[in-house]
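Remarks on the structure that follows.
What follows is calculated from the coordinates using simple rules that are stated; it is not laboratory data. These numbers come from a predicted model, not from an experiment. Note that each Cβ is placed from the backbone with ideal geometry, even for glycine, and that neighbours are counted across all protein chains shown.
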Amino acid sequence: MINYMDIALKEAKAAADRGEVPVGCVIVDAKTGEVLAQTGNRTEELHDPTAHAELLAIRQASAKRASTRLPDCDLYVTLEPCAMCATAISFARIRRLYFGAYDPKMGGVDHGPKTYSQPTCHHAPEVYGGMGESAAAEILKAFFRGKR
């Protein structure tokens, strides 16, 4: 059985190697198990503050499907999505969201605006936080230790 969070963790490590905040993301067809997208943060490389792993993966998967909606897809990401990414996940109608480390400072799912709990949220995926949390948190801690 494929561990999709392991793929996301590899993407996070690759992002760190590029000098990006190490967040990795994978989008999977829940019916077939096919990986539709996998990527990491590229904000520095692309000079784009919206080039978060989740947004890049949603763009890849949507292009592959030729659709703005991904209702039969699951998204795995190494860090709790920020409000921007949580909203994009909702707009894409992602079926399930699995994330690794919690982000009390900038998270938008279990922290901050708690996007999916808002009455204005049109679609809330099933959410499973803390998946691979230790490994995801260690990648982030090591990256920021190296910056200090």
Quiz item: Taking Rh as the Kirkwood radius computed over C-alpha pairs, what is the Stokes-Einstein D of the chain at 20 °C in a medium of viscosity 1.002 mPa s, expressed in µm² per second?
Solution: 144 µm²/s
Quiz item: Using the Kirkwood formula over every pair of different C-alpha atoms, what hydrodynamic radius in Å results for segment 72-140?
Solution: 11.8 Å
Quiz item: Once phi is turned into θ = phi - 60°, what whole-Hz ³J(HN,Hα) does the Karplus curve with 6.51, -1.76 and 1.60 give for every residue of segment 78-91, x standing for Gly and Pro?
Solution: 7, 9, 3, x, 6, 4, 4, 5, 4, 5, 4, 4, 5, 4
Practice problem: Give a residue-ordered list of calculated ³J(HN,Hα) values for segment 21-29 (Karplus: 6.51 cos²θ - 1.76 cosθ + 1.60, θ = phi - 60°; whole Hz; x for Gly, Pro). | Solution: 4, x, 10, x, 9, 9, 10, 10, 6
Self-check item: Amide hydrogen neighbours beyond the local backbone of residue 36, cut-off 5 Å, H modeled
Solution: 27, 28, 29
Self-check item: 11 Å beta-carbon shell around residue 23, net charge (K/R +1, D/E -1)
Solution: -3
Exercise. Pull up the cross-link candidates among the lysines for residue 147, meaning alpha carbon to alpha carbon under 19 Å and not fewer than 8 places away within one chain.
Key: 13, 105
Quiz item: Tell me, what is the Rg over Rh of segment 108-148, with Rh the Kirkwood radius over Cα pairs?
Solution: 1.16
Quiz prompt | Amide H contacts under 5 Å for residue 69, placed H, 5+ residues apart | solution = none
Practice problem: Go ahead and estimate [θ] at 222 nm for the chain from helices alone: -39,500 (n - 2.57) per DSSP H run with n ≥ 4, summed, over the residue count, rounded to 500. | Solution: -11000 deg cm²/dmol
Practice problem: Give me the Kirkwood hydrodynamic radius of segment 65-111, using the inverse of the mean 1/r over all pairs of distinct Cα atoms, in Å to one decimal. | Solution: 10.9 Å
Quiz item: Residue by residue through segment 5-18, which ³J(HN,Hα) values in whole Hz follow from phi under the Karplus form 6.51 cos²θ - 1.76 cosθ + 1.60 (θ = phi - 60°), with glycine and proline marked x?
Solution: 5, 4, 5, 4, 5, 5, 5, 5, 5, 5, 4, 4, 4, 8
Exercise. Treat every Asp and Glu Cβ in the chain as -1 and every Lys and Arg Cβ as +1, leave all other atoms uncharged, and give the resulting dipole magnitude about the Cα centre to the nearest 20 debye.
Key: 160 debye
Quiz item: Under 5 Å between amide H atoms, partner at least 5 residues away or on a different chain: which partners does residue 108 have, H built in plane at 1.01 Å?
Solution: 82, 83
